[in-house]
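Report on the following structure.
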Amino acid sequence: MNKILLGLVLGAILGAIDGMTAWFTPAVRAQLAGIIVGSTIKGIIAGVLIGVFARKVHSLALGIVFGLGVGLILAFIVAQMQHGYYFEIMLPGGMVGLIVGYATQRYGRVSQLQQT
Amino acid sequence: MSLTPQGGNFPLTRHSVVLAAQSNDPAVRSRAIDAIAAAYWKPVYKYVRMKWNISTDDAADFTQEFFTRLLEKEFLDSYDSAKGRLRTFLRTCADHLFMKQMRDANRLKRGAGCAHLALDFEEAERELAAVTAAESPEDSFDKEWMRSLFALGLERLRAGCESEGKLIHFALFERYDLNDADPKPSYAQLASEFGLAATDVTNYLAFARREFRRCVLDQLRDMTATDEEFRREAQALLGVETR
Amino acid sequence: MKRLSDSVVARLQADMQVPDLTGTRYAVVRYLARGGMGSVWLAEDTILKRRVALKVLDLVAPAADLPARLLQEARILASLEHPGIVPVHDAGTLADGRAFYCMKYVEGQTLAQYIAERNLTDRLRLLERIAEPLDFAHARGIIHRDLKPENIMIGAFGEVLVMDWGLAKAGAPGLRSGENGSARGSILGTAGYMSPEQARGDAEVDHRTDIFSLGAILWFLLKGAPPTDQPAVTATVPRPLAAVCRKAMAADPSMRYQSAGALAADVAHYLNGAPVRAYRESLLERAARIYARHRTAVVLVAVYLLMRLLFILFAHR
């Protein structure tokens, strides 16, 4: 799987899981569907950005740092929109970014076009 | 250029001293036994001295008697080169003769009319003093055999160089390759000592070494009965293993 | 003539073996090693001013067919232009009548010396590079027949070279072994690394005899010694690799890997954490292998899930 597609798929899956965990917070359970969709979109955006970065920069360390950074920034924006829950939103968001950053560098295939 | 017309080619059949020693013609046999004795008397003498711990006089008498019996065709008629090497055969014969003499209680009779060989036992005795205690009689026998072959090869080389007017080649070889001194003289030193160009020293030494190799192998050929024995003895002489 | 001392006798004995290079472009530098058919000497090519190795038959060859065999070895090497096979520059007969050939001088270590200071992964990676020239030779119908650690050199720049093709058997026209060369039905090779069919003296051994030897070399890479019997699982040899050795060293050639590359590929699978063809793993072993292969990813996901769990627990307090 190429790096952008891998980032997109991983970002979507982890974003969706991230959103689903809101079910355990009774205060926001009513908005669960919106949270899942929003979290998935956030995951997809992060995944694509990280995948594009991984395609340009071939460095595991930089990929992880970039993933962490993108995850934190997007989570911060979401937390701003929620007016709170910074820790509960940013820590998992950063973690998801880090995992996607690692995975795209480690498992994403370099395209034939890039190799030549 | 080779000192002998045969060069390095090994003839398919040959009349080695081993075959000559089995001849019925006493003159041919005597010459052959002389040649065998030249190569083997020291190995035999030192071997019995070391193995049986007998006196120098007894060992000298034994050695004379051993080669006299060879001349009388007592041993060599039973020698079959297909069954083993001459070197091993002679050593075994020496053992058998010694045991027989012990059994007969007639051991080592001195001066039994067999002193037809002029052998320098005093020299052999001096050499024996230098043998280390760790060396077995069998190892000593093989080592002396090799030393004798090289010495006989050197004699051939000297004779060849003399007849070809190349004594300077031999003298250089003697000075450089047969010299125990440490450090050895350099080629430049040899060049000035012998009044030669340094390149001549290199070439002359190369010639002498090449001829020495050939002389030793010719000597070995003479002392073996078959190609197979020659090859095996040459491998032993050169200290190389084969698979 | 005065008695020759022991040191002079030893020197003369050594001198006897020095090849006579009169009339050639080479000058002897020093003795290097003994090969299967003779000795190998370091020499200087006086024209090109470079060091070369000369393989020279012994002064008195133990068998009459050795000059022909040495020439055949040189021809086989010359026909195998591969980075893993030492190139031959020249061949002929010296002034002293000895056959010789001249090849590239490889400065390096034998396999045994090299692996002494390497970890398992480095050692296993060598196998692929030993297999490459073998596959190359097999594709040209040439079988080595004497593969063993002593015949593998690792050059100064890490290049791996398969040496000593003196027992090689060629099927190609012009290189085909004569009846006296690699005599049909004769037992040639080195115990411990020799296939059963070669040890029996079977007339028609094929390239799979080299696969057997390569399996034995794999065992040597793992244990530092040739296998004495069928490779068994030990505490220091992982089960999949022992299975690879067993498959490569199967008594029946048809049960072995059918090419050196296939054997090397299975070892590469092991190194990459992929399943090995020669070994059927249990579920637990498979899980352990996958974990070992993706350790960081598994840990990251586990940390993430743990963090989520902690959030849920704290949210309910």
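The values are calculated or read from the model by the stated rules, or taken from the named source; none is laboratory data. What you are looking at is a predicted structure, and each value in this text was computed from that prediction instead of being measured. Cβ atoms come from the backbone with ideal geometry, glycine included; neighbour counts cover every protein chain shown. For accessibility, only protein heavy atoms count, side chains too; no ligands or nucleic acids. Shrake-Rupley method; radii C 1.70, N 1.55, O 1.52, S 1.80 Å.
Under the condition of being exposed (fewer than 15 other Cβ atoms within 10 Å of the Cβ) and of a type outside the set (Ser, Thr, Tyr), which residue from the range C:35-57 is farthest from B:Phe150 (Cα to Cα)?
Our first condition is that a residue be exposed (fewer than 15 other Cβ atoms within 10 Å of the Cβ); within the range C:35-57, this holds for C:46-51.
Restricting the remaining residues to those that are of a type outside the set (Ser, Thr, Tyr) gives C:47-51.
Numbers: C:Ile47: 35, C:Leu48: 37, C:Lys49: 36, C:Arg50: 35, C:Arg51: 33 Å.
Step by step, filter the range C:35-57, then rank; the result is C:Leu48.
Spot the failing condition for B:Arg156; the list is (1) within 14 Å of chain C (Cβ to nearest Cβ); (2) open to solvent by less than 70 Å² (accessible area, probe 1.4 Å); (3) modelled with pLDDT of 90 or more, and only one is missed.
It fails just one condition, (2).
Taking the condition acidic (Asp, Glu), open to solvent by 30 Å² or more (accessible area, probe 1.4 Å) and either closer than 30 Å to C:Thr236 by Cβ or away from chain B (no Cβ under 14 Å) (or both), does C:Glu73 pass?
No, not satisfied.
In the range B:203-214, is there at least one residue being surrounded by 17 or more Cβ atoms within 10 Å (Cβ to Cβ), touching a residue at least 60 places away in the same chain (Cβ under 8 Å) and more than 10 Å from chain C (Cβ to nearest Cβ)?
The answer is yes; a qualifying residue exists.
So, in the range A:72-92, how many residues would count as being more than 11 Å from chain C (Cβ to nearest Cβ) and in contact (Cβ under 8 Å) with a residue 12 or more places away in the chain?
Of all residues in the range A:72-92, those more than 11 Å from chain C (Cβ to nearest Cβ) come to A:72-84, A:86, A:90.
Filter once more, so that each one left must be in contact (Cβ under 8 Å) with a residue 12 or more places away in the chain: A:72, A:74-76, A:78, A:90.
Matching residues across the range A:72-92 total 6.
Residues that are open to solvent by 80 Å² or more (accessible area, probe 1.4 Å), more than 14 Å from chain C (Cβ to nearest Cβ), more than 20 Å from A:Leu5 (Cβ to Cβ) and among the aliphatic types (A, V, I, L, M): does the range A:38-54 have at least one?
no
Name the pairs whose Cβ atoms lie under 6 Å apart, with the first residue in the range C:62-74 and within 16 Å of B:Phe230 (Cα to Cα), the second surrounded by fewer than 22 Cβ atoms within 10 Å (Cβ to Cβ) and among the hydrophobic types (A, V, I, L, M, F, W, C), and 6 or more positions between them or separate chains?
none
In the range A:56-71, which residues are crowded, with 18+ Cβ neighbours inside 10 Å and touching a residue at least 40 places away in the same chain (Cβ under 8 Å)?
The answer is A:Gly63, A:Ile64.
Residue by residue through the range B:215-243, note down the ones that are within 12 Å of another protein chain (Cβ to nearest Cβ) and among the β-branched types (Val, Ile, Thr).
B:Val216, B:Thr224, B:Val240, B:Thr242
For the range C:18-37, which positions are within 30 Å of the chain's Cα centre (by Cα) and modelled with pLDDT of 85 or more?
Correct list: C:Val18, C:Pro19, C:Tyr26, C:Ala27, C:Val28, C:Val29, C:Arg30, C:Tyr31, C:Leu32, C:Ala33.
Tell me yes or no: at least one residue of the range C:90-105 is within 14 Å of chain B (Cβ to nearest Cβ), open to solvent by 40 Å² or more (accessible area, probe 1.4 Å) and among the hydrophobic types (A, V, I, L, M, F, W, C).
Within the range C:90-105, one or more residues are within 14 Å of chain B (Cβ to nearest Cβ), open to solvent by 40 Å² or more (accessible area, probe 1.4 Å) and among the hydrophobic types (A, V, I, L, M, F, W, C).
So which of C:Ala68, C:Ala74, C:Ala33, C:Ala131 is in a helix (DSSP H, G or I), within 27 Å of C:Leu218 (Cβ to Cβ) and not hydroxyl-bearing (Ser, Thr, Tyr)? Working first, answer last.
Values: C:Ala68 fails: within 27 Å of C:Leu218 (Cβ to Cβ); C:Ala74 fails: within 27 Å of C:Leu218 (Cβ to Cβ); C:Ala33 fails: in a helix (DSSP H, G or I).
From the options C:Ala68, C:Ala74, C:Ala33, C:Ala131, the qualifying one is C:Ala131.
It is to be established whether one or more residues within the range B:202-212 are at negative phi and within 16 Å of the chain's Cα centre (by Cα). First the steps, then the outcome.
We begin by selecting, within the range B:202-212, every residue at negative phi; these are B:202-212.
Checking which are within 16 Å of the chain's Cα centre (by Cα) leaves us with B:212.
Within the range B:202-212, one or more residues are at negative phi and within 16 Å of the chain's Cα centre (by Cα).
Among the residues of the range A:26-33, is there at least one that is among the charged types (D, E, K, R), in a helix (DSSP H, G or I) and surrounded by 14 or more Cβ atoms within 10 Å (Cβ to Cβ)?
There is no residue in the range A:26-33 that is among the charged types (D, E, K, R), in a helix (DSSP H, G or I) and surrounded by 14 or more Cβ atoms within 10 Å (Cβ to Cβ).
Among the residues of the range C:116-135, count how many are open to solvent by less than 10 Å² (accessible area, probe 1.4 Å) and within 15 Å of C:Ser213 (Cβ to Cβ).
Summing the residues that are open to solvent by less than 10 Å² (accessible area, probe 1.4 Å) and within 15 Å of C:Ser213 (Cβ to Cβ) in the range C:116-135 gives 6.
Within the bounds of the range C:251-266, is there any residue that is modelled with pLDDT of 90 or more and in contact with a strand residue (DSSP E or B) (Cβ under 9 Å, 6 or more places away or on another chain)?
no
Report, by residue number, each residue of the range C:279-317 that is under 42 Å from the mean Cα position of the chain (by Cα), more than 10 Å from every other protein chain (Cβ to nearest Cβ) and among the small types (Gly, Ala, Ser).
Hits for the range C:279-317 are C:Ser282, C:Ala287, C:Ala288, C:Ala292.
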